[in-house]
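Right, one structure below, let's go through it.
The values are calculated or read from the model by the stated rules, or taken from the named source; none is laboratory data. These numbers were taken from a predicted model, which means no experiment stands behind them. Here the Cβ positions follow ideal geometry from the backbone for every residue, glycine too, while neighbour counts run over all protein chains shown. To get the accessible areas, we keep the full protein, side chains included, count just its heavy atoms, and leave off ligands, DNA and RNA. Shrake-Rupley method; radii C 1.70, N 1.55, O 1.52, S 1.80 Å.
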Amino acid sequence: QVQLVESGGGLVQPGGSLRLSCAASLSIVRLYRMSWYRQAPEKQRELVAAFGSGGSTNYADSVKGRFTISRDNAKNTVYLEMNSLKPEDTAVYYCNGYYAYDSYWGQGTQVTVSS
């Protein structure tokens with residue numbers, strides 16, 4: 001069983017920044033397709049950022065140039081650095097990863113961008 005725990009959400013003004021963290025219960029080098037998703041009220045969950053093969057990264061068009069996904073293997077943690085936040089970035093953000101062909105989700109962390 002894999003546990004993913006997100007943290008770092010909160011209320012921020014437009015143009016502000018937040019860094020989300022996703023701590024895993026096992027070494028993240030054993031997980032693959034680590035990614036961040038988000039779900040806004042009454043909308044479907046969407047992919048925000050992900051690690052691809054060979055350490056590449058992929059981003060949704062709406063966040064390119066503003067968000068950065070990174071990882072610290074020693075801390076078993078994946079991060080999402082979010083800059084120039086907009087009201088439309090308001091959502092619950094979820095961490096996701098695969099282990100032994102099973103998909104695991106964290107409980108989510110709320111990000112609210114509002115003045």
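Given labels modelled 7 Å from the Cα in the Cβ direction, how far is it in nm from Glu88 to Asp61?
For the pair Glu88/Asp61, the computed spacing is 1.1 nm.
Place +1 on the Cβ of every Lys and Arg and -1 on the Cβ of every Asp and Glu in the chain, take the dipole about the Cα centre, and give the residue among Asn73, Val63, Tyr93 whose Cα lies farthest towards its positive end.
Positive-most Cα among the choices belongs to Asn73.
Can you list the aspartates and glutamates whose alpha carbon sits under 20 Å from that of Lys86, skipping same-chain ones fewer than 8 residues off?
Candidates past the 8-residue exclusion: Glu42, Glu46, Asp61.
Which loop trypsin sites (Lys or Arg not before Pro) in region 38-105, with loop taken from DSSP, have no more than 13 other Cβ atoms within 10 angstrom of their Cβ?
Numbers: sites: Arg38, Lys43, Arg45, Lys64, Arg66, Arg71, Lys75; in loops: Lys43, Arg45, Lys64, Arg66.
Listed in order of number, the matching sites are Lys43, Lys64.
How large is ³J(HN,Hα), in whole Hz, for each residue of region 57-64 in order, when computed from phi with the Karplus curve 6.51 cos²θ - 1.76 cosθ + 1.60 and θ = phi - 60°, using x for Gly and Pro?
10, 10, 9, 5, 4, 5, 10, 4
For the chain, just the Cα set please: Rg and Dmax, both in angstrom.
Radius of gyration, then largest Cα-Cα span, for the chain: 13.4, 43 Å.
Label-point separation (nm) for Gln3 and Leu47, each offset 7 Å from Cα along Cα-to-Cβ?
Result for the modelled spin labels: 2.8 nm.
If you average the C-alpha positions of region 32-50 and of region 69-115 separately, how far apart do those two centres end up, in angstrom?
What the calculation gives is 8 Å, centre to centre.
Tell me the carbon and sulfur percent of the accessible area for the chain, rounded to whole percent, probe radius 1.4 Å.
Here it works out to 45 percent.
Setting aside same-chain residues fewer than 8 positions from Lys64, which aspartates and glutamates have a Cα under 13 Å from its Cα?
Cross-link targets: Glu81, Asp89.
Step through the residues of region 95-104 one at a time and calculate ³J(HN,Hα) from phi using the Karplus curve (6.51 cos²θ - 1.76 cosθ + 1.60, θ = phi - 60°), rounding each to whole Hz and writing x for Gly and Pro.
My calculation for region 95-104 gives 9, 9, x, 10, 9, 6, 6, 9, 9, 10 Hz in order.
Given H placed 1.01 Å from N in the peptide plane, which residues other than close sequence neighbours of Ser84 have an amide H under 5 Å from its amide H?
none
How much net charge surrounds Tyr79 when only other residues with a Cβ under 13 Å from its Cβ are counted (Lys, Arg +1; Asp, Glu -1)?
0
When the dipole is taken about the Cα centre of the chain, and only Lys, Arg (+1) and Asp, Glu (-1) are charged at their Cβ, what size is it in debye, to the nearest 20?
Dipole size: approximately 180 debye.
Hey, what's the chain come to in accessible area per residue, 1.4 Å probe, Å²?
55
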